[in-house]
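Written out below as structure tokens is the structure these notes cover.
The values are calculated or read from the model by the stated rules, or taken from the named source; none is laboratory data. Note that the structure is predicted; figures quoted are calculated from it, not measured. Cβ: placed from backbone, ideal geometry, glycine included. Neighbour counts: every protein chain shown.
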Amino acid sequence: MQDIQNTGGADKGTDLKEQNLDYRRQLSSRQRIVVKVGSSSLLHSATRRLDYHKIDVLVRELSDLKNRGKDVILVSSGATAVGREVLRRTGAGNELAEDSPITVKQACAAIGQARLMMTYQRFFTDYNQISAQVLMDKNTIREPLSKYNLCNTFNELLKFDVIPIVNENDSVATWEFSIGDNDNLSAMVASLLDADLLILLSDVDGLYTDDPHINPDAEFIEYVPVLDDHLLSMAKQTTGSESGTGGMSTKLQAAMIATQSGCDMVIVNSRHMKVIHEVVQGRNHGTIFRADPNPSFDLQDYIESLG
Ligand code: GLU
């Protein structure tokens, strides 16, 4: 990591800073944009209930991108967390813990996914947009026929100017088929759809040279021109603070999938959802991983290699 940002003296550091700013100025021309939002970005941390203000701003930002003529795809977590909260409020699930058995989580996801979609549909309707639900798992991409059907559905939705809202089909995805975290899922969607930009909205600011909660000398990294093995291996020790399933390690796996598929990726803090248009305008927020297309990268082979 140090090799990327800081070694090579001040000149190299300045050079990278300029490259970063130059590169970010090009983001406004990106046409197909996938935005991923994690559960913790949608909920009030104290109550675990939906933060309608944040959802409203998120939906407004996406609707505005759509009105600017962009293709917009939202990958949203939150089904399990929302379902758990719904059950708690009925009194039936007062004991529900975050580490409940998979069967309970699947039931929560079934309840919460419907609730989440109802909420999104209401907000998107307010902004005069049509949204649609797409649920998938690893097997949907692995099986050629379901992958074909999935891509057709996405393409038709985008042609009709609809905003697809994607989540893993948690109620039916047994662990063999489960992608498990929406960081990777969003990168797979970006790869399948030849997206130009993936924005991961998170409760972390981006990538540091080390865990900033543990190491006060950890430095923030604004720009990653090439995602090398050194960086990927460092991520294993850097988990981030997000309360969903994705830490920094899943975000870097997502960056690998996205950048090798020719898509830029930005990790950015979702504290203020208006950050979405600021990133697209080229403002220097979060960490950007520059697209680095690898003609030999094959999404299906990669998924097979995960086992
Ligand atoms: N698909 C899960 C849900 O909606 C979330 C996965 C994740 O935390 O990334 O509850």
### Query
What are the pairs, 6+ residues apart or on separate chains, where a residue within region 21-40 that is within 25 Å of ALA81 (Cα to Cα) and at pLDDT 95 or above has its Cβ under 7 Å from a residue that is among the charged types (D, E, K, R) and in a helix (DSSP H, G or I)?
LYS36/ASP183
### Query
Can you name every residue in region 104-133 that is over 10 Å from ARG84 (Cα atoms), free of Cβ contacts under 8 Å to residues at least 40 places away in the same chain and aliphatic (A, V, I, L, M)?
ALA114, MET118, ILE130, ALA132
### Query
Out of (1) within 27 Å of ASN67 (Cβ to Cβ); (2) crowded, with 24+ Cβ neighbours inside 10 Å, what's the single condition that is false for ALA255?
(1)
### region 60-77: number of residues that are in a loop (DSSP other than H, G, I, E, B), more than 16 Å from the ligand (Cβ to nearest atom) and in contact (Cβ under 8 Å) with a residue 40 or more places away in the chain
1
### Count of region 136-151 residues which are within 16 Å of the ligand (Cβ to nearest atom) and either in contact with a Lys or Arg (Cβ under 6 Å, 6 or more places away or on another chain) or acidic (Asp, Glu) (or both)
2
### In region 22-54, the residues that are under 15 Å from the mean Cα position of the chain (by Cα) and either on the phi > 0 side of the Ramachandran plot or aliphatic (A, V, I, L, M) (or both)
ILE33, VAL34, VAL35, VAL37, LEU42
### Test: residue in region 78-99 that is outside any helix (DSSP H, G or I) and modelled with pLDDT of 95 or more
yes
### Message
Condition first: within 9 Å of the ligand (Cβ to nearest atom), in contact with a strand residue (DSSP E or B) (Cβ under 8 Å, 6 or more places away or on another chain) and part of a loop (DSSP other than H, G, I, E, B). Now tell me which residues in region 152-177 satisfy that.
### Response
ASN169
### Query
Restricting the search to region 229-269, which residues are of a type in the set (Gly, Ala, Ser) and modelled with pLDDT under 95?
SER233, ALA235, GLY240, SER241, SER243, GLY244, GLY246, GLY247, SER249
### Query
Quick check, is LEU200 closer than 21 Å to ALA255 by Cα, touching a strand residue (DSSP E or B) at 6+ places or on another chain (Cβ under 6 Å) and within 10 Å of the ligand (Cβ to nearest atom)?
no
### SER270 being among the small types (Gly, Ala, Ser), surrounded by 21 or more Cβ atoms within 10 Å (Cβ to Cβ) and under 23 Å from ASP64 (Cβ atoms)
yes
### Task
Please specify each residue of region 100-130 satisfying the condition of being more than 13 Å from the ligand (Cβ to nearest atom), part of a loop (DSSP other than H, G, I, E, B) and out of contact with any strand residue (DSSP E or B) (no Cβ under 9 Å at 6 or more places or on another chain).
PRO101, TYR127, ASN128
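Okay, residues lined up against (1) surrounded by fewer than 21 Cβ atoms within 10 Å (Cβ to Cβ); (2) in contact with a Pro (Cβ under 8 Å, 6 or more places away or on another chain); (3) free of Cβ contacts under 8 Å to residues at least 60 places away in the same chain:
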| residue | (1), (2), (3) |
| --- | --- |
| LEU135 | yes, no, yes |
| CYS151 | yes, no, yes |
| LEU158 | yes, yes, no |
| ASN167 | no, no, no |
| ASN182 | no, no, no |
| SER186 | no, no, no |
| SER191 | no, no, no |
| ILE199 | no, no, no |
| VAL204 | no, no, no |
### Task
Output the residue which, of all residues in region 78-98 that are among the hydrophobic types (A, V, I, L, M, F, W, C) and more than 13 Å from the ligand (Cβ to nearest atom), is surrounded by the most Cβ atoms within 10 Å (Cβ to Cβ).
LEU87
